Amino acid sequence: MGSAVLKDRRDQVWIKSETEGNISCEKSSLAGAVSQRACVFCGSRVVLYPVADALHIVHGPIGCASYTWDIRGSLSSGPELHRLSFSTDLQERDIIYGGEKKLERAIGELVSEHKPNAVFVYATCITGIIGDDISSVCKRATEECGVPVLAVHSEGFKGTKKDGYKAACDALSRIVGTGDISGVSPVSINILGEFNLAGEAWMIEDYYKRMGVEVVSVLTGDGRVGKISKAHGAALNVVQCSGSLIYLAEHMKEKYGIPYIRVSYFGIEDQSQALYDVADFFASSPELKINSEKIVREELSKIMPQIQFYRKVLSGKRAAVYVGGAFKAFSLIKALRLIGMSVVIAGSQTGNKEDYQQLKDMCDPGTVILDDSNPLELSKFVLEKGADLFIGGVKERPIAFKLGIGFCDHNHERKTALAGYEGMINFFKEVHSSVMSPVWRFAPRKDKRGRREASGTPFDRQKDKRGRREASGTPFDRQKDKRGNDKRRRNHEN
Ligand code: SF4
């Protein structure tokens, strides 16, 4: 596999039809490997962030809070407390004498100023190390402030991002079950693992409402403490993304007997299946099935002509996919195939054995499958496989641009809706504008050895007005004045 893959990471890299055995996964990142994974605290923060009428207090040094300030493109239809990030900003003195008193004061001040419906207090590495008892502080604060103050045990060092999801689900489970559920319809669901990026939850909610299903609560997109408290009244939990909210779904199944199904709202196939699966669950209401089929027909008739266009232009292009949860990778592979694109690299930060088995089954021979990867490995395989596009998050963007290929943000920072039928078109539009962007004529891609390609694509070398090839580089490299003199050189000489 070459020097780009460290010896201790070789069992987390798998190439279809070439590698024997199973891929290794669900383990701590290798020290020094510069993993693309985020910490436990970040895992909790991304799940709870969209609860818009709650205060989010990060108990730790300011760096942790700045890392997760305004981190998601999650929209709110009302309050926007979630967009403020508060920190106890622990200093040396607090590390030595403890930060509990400071935290208590911060909760008191912030609750009286912002009047939230709940408070989430996040533990970080430092508070875990010095041993602050945030559970006791939160318990006292709940009694004094009259709103639930919930400790989120998200000490950054204690595991992987997945442990952060668990800590967030644990905090949410203490709100679920506290509200009044009289009047909730027997044909009702909770939407779990949908974070309302660019209003996606509203689109999904609208499909279900058009089917005739009541949506009791969305966790956590456009989240409200009151609605979350009633979530135990729903008949079914519909869980998107296997990683983040599955722990809450399992808890609710055990405690309240609410079953759950796993769905994805990304891609025509999966979005339609998400509607059909809910209709099948409520089989005693046959009109739901009829309504779901009608919605699928209507929505497809709107977007199919545009899909044909993108298929014509993008067919044959190759994509590298590296995402948080593997569930998203499945949907991306299917969606890209719809426009004739193939996936040559597929990886995730938090996939489990079943996820990787499914990836292996879905992928074409030669596809590289990666668990908990790093920039060096990703760059190596992007070059080797000749990917034209990288789909990932904020940490993968610079890798793509440095290699001179298109990039599509499919992470929680994005501001474009990619879910549902409308989102599918937004996604293809983004893929198209990035892969076909004229910018690549100024930043030609690197070849397999990591060198800039000197020529070969129509964009690499431009012609001048008389149709002659320019001597070198791009129009930015050497500017000439009206007399044909090199401006830069002249300025320098002056
Ligand atoms: S919790 Fe720890 S790992 Fe996470 S941002 Fe803070 S210091 Fe870094």
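List every residue pair whose Cβ atoms sit under 6 Å apart, with the two residues 6 or more apart in sequence or on different chains, where the first one lies in segment 123-148 and is free of Cβ contacts under 8 Å to residues at least 12 places away in the same chain and the second, anywhere, is buried (at least 20 other Cβ atoms within 10 Å of the Cβ).
Cβ pairs passing all conditions: Thr142/Pro148; Thr142/Val149.
Report the residue count in segment 59-112 for those that are hydroxyl-bearing (Ser, Thr, Tyr), within 16 Å of the ligand (Cβ to nearest atom), part of a loop (DSSP other than H, G, I, E, B) and within 21 Å of the chain's Cα centre (by Cα).
Number of matching residues: 2.
I'd like the full set of residues that are surrounded by fewer than 19 Cβ atoms within 10 Å (Cβ to Cβ), of a type outside the set (A, V, I, L, M, F, W, C) and not in a helix (DSSP H, G or I), limited to segment 265-317.
Ser284, Ser285, Pro286, Ser315, Gly316
Looking at Lys334, Lys353, Lys289, Lys294 in this structure, which one is among the charged types (D, E, K, R), in the same structural domain as Leu403 (by TED's automatic domain parsing) and in contact with a helix residue (DSSP H, G or I) (Cβ under 9 Å, 6 or more places away or on another chain)?
Working: Lys353 fails: in contact with a helix residue (DSSP H, G or I) (Cβ under 9 Å, 6 or more places away or on another chain); Lys289 fails: in the same structural domain as Leu403 (by TED's automatic domain parsing); Lys294 fails: in the same structural domain as Leu403 (by TED's automatic domain parsing).
Testing whether each residue is among the charged types (D, E, K, R), in the same structural domain as Leu403 (by TED's automatic domain parsing) and in contact with a helix residue (DSSP H, G or I) (Cβ under 9 Å, 6 or more places away or on another chain) leaves just Lys334.
Given the options Ile399, Ile391, Ile405, Ile339, name the one that is hydrophobic (A, V, I, L, M, F, W, C), out of contact with any strand residue (DSSP E or B) (no Cβ under 9 Å at 6 or more places or on another chain) and within 25 Å of Pro438 (Cβ to Cβ).
The match here is Ile339.
Looking at segment 397-421 only, could you name the residues that are touching a helix residue (DSSP H, G or I) at 6+ places or on another chain (Cβ under 8 Å) and not in a helix (DSSP H, G or I)?
Correct list: Gly404, Ile405, Gly406, Phe407, Cys408, Asp409, His410, His412, Thr416, Ala417, Leu418, Ala419.
Which numbered condition trips up Pro186, out of (1) over 26 Å from the mean Cα position of the chain (by Cα); (2) surrounded by fewer than 19 Cβ atoms within 10 Å (Cβ to Cβ); (3) assigned to a helix (DSSP H, G or I); (4) not basic (Lys, Arg)?
Single failed check for Pro186: (3).
Quick grid of which residues meet (1) assigned by TED's automatic domain parsing to the domain that holds Ala346; (2) within 24 Å of Arg37 (Cα to Cα); (3) buried (at least 19 other Cβ atoms within 10 Å of the Cβ); (4) touching a residue at least 24 places away in the same chain (Cβ under 8 Å):
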position: Glu384; (1), (2), (3), (4): yes, yes, no, yes
position: Glu396; (1), (2), (3), (4): yes, yes, yes, yes
position: Ile399; (1), (2), (3), (4): yes, yes, yes, yes
position: Phe407; (1), (2), (3), (4): yes, yes, yes, yes
position: Asn411; (1), (2), (3), (4): yes, yes, yes, yes
position: Leu418; (1), (2), (3), (4): yes, yes, yes, yes
position: Glu422; (1), (2), (3), (4): yes, no, no, yes
position: Phe428; (1), (2), (3), (4): yes, no, yes, yes
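List pairs: first in segment 11-32 and in the same structural domain as Ala326 (by TED's automatic domain parsing) and assigned to a helix (DSSP H, G or I), second at pLDDT 90 or above and not hydrophobic (A, V, I, L, M, F, W, C), Cβ under 7 Å, 6+ apart or cross-chain?
Qualifying pairs under 7 Å: Asp11/Ser24; Gln12/Ser24; Gln12/Asp371; Gln12/Asp372.
Could you list, in sequence order, all residues of segment 113-168 that are among the aliphatic types (A, V, I, L, M) and within 16 Å of the ligand (Cβ to nearest atom)?
The answer is Val121, Ala123, Ile126, Ile129, Ile130, Ile134, Ala151, Val152, Ala167, Ala168.
The values are calculated or read from the model by the stated rules, or taken from the named source; none is laboratory data. On a predicted model such as this, the values are computed, not experimentally measured, just so you know. Please note: Cβ atoms are built from the backbone with ideal geometry, for glycine as well, and neighbour counts cover all protein chains shown.
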